[in-house]
1. Looking at the range 12-57 only, could you name the residues that are touching a residue at least 24 places away in the same chain (Cβ under 8 Å), of a type in the set (S, T, N, Q) and either in contact with a His (Cβ under 9 Å, 6 or more places away or on another chain) or assigned to a loop (DSSP other than H, G, I, E, B) (or both)?
2. Which of the numbered conditions does Ile68 fail, given that it passes all the others? Conditions: (1) modelled with pLDDT of 95 or more; (2) hydrophobic (A, V, I, L, M, F, W, C); (3) within 20 Å of the chain's Cα centre (by Cα); (4) open to solvent by less than 20 Å² (accessible area, probe 1.4 Å).
3. Restrict the check to the range 160-170 and report whether at least one residue is open to solvent by 30 Å² or more (accessible area, probe 1.4 Å) and part of a helix (DSSP H, G or I).
4. Considering the range 155-181 alone, what residues qualify as being touching a Gly at 6+ places or on another chain (Cβ under 8 Å) and of a type in the set (A, V, I, L, M)?
5. Need pairs with beta-carbon distance below 7 Å; first residue touching a residue at least 12 places away in the same chain (Cβ under 8 Å) and within the range 132-152, second acidic (Asp, Glu); sequence gap 6+ or separate chains.
6. Of the conditions (1) touching a residue at least 40 places away in the same chain (Cβ under 8 Å); (2) open to solvent by less than 50 Å² (accessible area, probe 1.4 Å); (3) closer than 24 Å to Lys146 by Cβ, Leu95 clears all except one; give me its number.
7. Out of the residues in the range 179-207 meeting the condition of being of a type outside the set (A, V, I, L, M, F, W, C) and more than 25 Å from Gly43 (Cα to Cα), tell me which one is surrounded by the fewest Cβ atoms within 10 Å (Cβ to Cβ).
8. Let me confirm something: among Arg159, Arg153, Arg147, which residue is in contact with a Pro (Cβ under 8 Å, 6 or more places away or on another chain) and either under 19 Å from Ser47 (Cα atoms) or basic (Lys, Arg) (or both)?
Amino acid sequence: MPSYDCALSLEKVDCERGGSPVLKGVNFDAKSSDTVLLFGANGSGKSTFLSVVAGLTTPTSGVINWRIGEASGQGAIDPLGILFVGHRAPVKTALTALENLNFWFDLYHAPEDNRAKNGALETALERVGLLGRENDRVGSFSAGMKRRLDLARCLIAQRPFWLIDEPTAALDEAGKAIFCEILKEHACDGGCALVATHEALHVDARVVRLG
């Protein structure tokens, strides 16, 4: 049985940046097990779209509806239902890979989950190819390794909605394959992923073009 049951819809959503329209009249819907790839030229509104759904940017007009299990609402999705992965990896370079991931685990999980923390962190680091480098400071990592560490958050967050901006930037082919497998697993669990990208991904996904 899927772990998640969720749905999202946008109705006639407009958004401006600096007085200029970026999104205009956007209608959109997605549900459990959907993977949606957002394509468009630079400035077409992909990042703004994700930001609006996440509640980081307020739309000029329109309606956002969401549901997570029995809970539902209008406006930005409940933050407890979202994993937001921006185009810049939010890692602390002075900390080790394990210390970074430990911070995110504590942020995403209730204290009683700590019994399973060590196994979850080790599994996530192994999946993204960083096991063996867990005690290295992230300042020594390449851009691709930092992105892999950021993607490890996907494996520990346990959030139904994933909003991901340019996830394959700086990743090598092996890293892209890992990310696609993680996306497929999330869909199998009933999760919904919205991915802004310039690159075709080898996953079963719906394509939405902005701009």
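1. Ser32, Ser33, Thr35, Ser44, Ser47, Thr57
2. (4)
3. Applying the first criterion (open to solvent by 30 Å² or more (accessible area, probe 1.4 Å)) to the range 160-170 yields 166, 169-170.
If we keep only those that are part of a helix (DSSP H, G or I) as well, we get none.
Scanning the range 160-170 turns up no residue that is open to solvent by 30 Å² or more (accessible area, probe 1.4 Å) and part of a helix (DSSP H, G or I).
4. Residues satisfying the conditions are Ala170, Leu171, Ala174, Ile178.
5. Gly144/Asp172
6. The number of the failed condition is (2).
7. The initial filter retains those residues of the range 179-207 that are of a type outside the set (A, V, I, L, M, F, W, C), namely 181, 184-186, 189-191, 197-199, 202, 204, 206.
From what's left, more than 25 Å from Gly43 (Cα to Cα): 181, 184-186, 189-191, 204.
On the way: Glu181: 13, Lys184: 16, Glu185: 13, His186: 25, Asp189: 15, Gly190: 17, Gly191: 24, Asp204: 11.
If we take residues in the range 179-207 being of a type outside the set (A, V, I, L, M, F, W, C) and more than 25 Å from Gly43 (Cα to Cα), then Asp204 is surrounded by the fewest Cβ atoms within 10 Å (Cβ to Cβ).
8. Arg147
The values are calculated or read from the model by the stated rules, or taken from the named source; none is laboratory data. From a predicted model like this one, the values you see are computed outputs, not experimental measurements. Every residue, glycine as well, gets a Cβ built from its backbone with ideal geometry; the counts of neighbours run over all protein chains shown. Note: accessible area is taken over every heavy atom of the protein model, side chains too, but ligands, DNA and RNA are not part of it. Shrake-Rupley method; radii C 1.70, N 1.55, O 1.52, S 1.80 Å.
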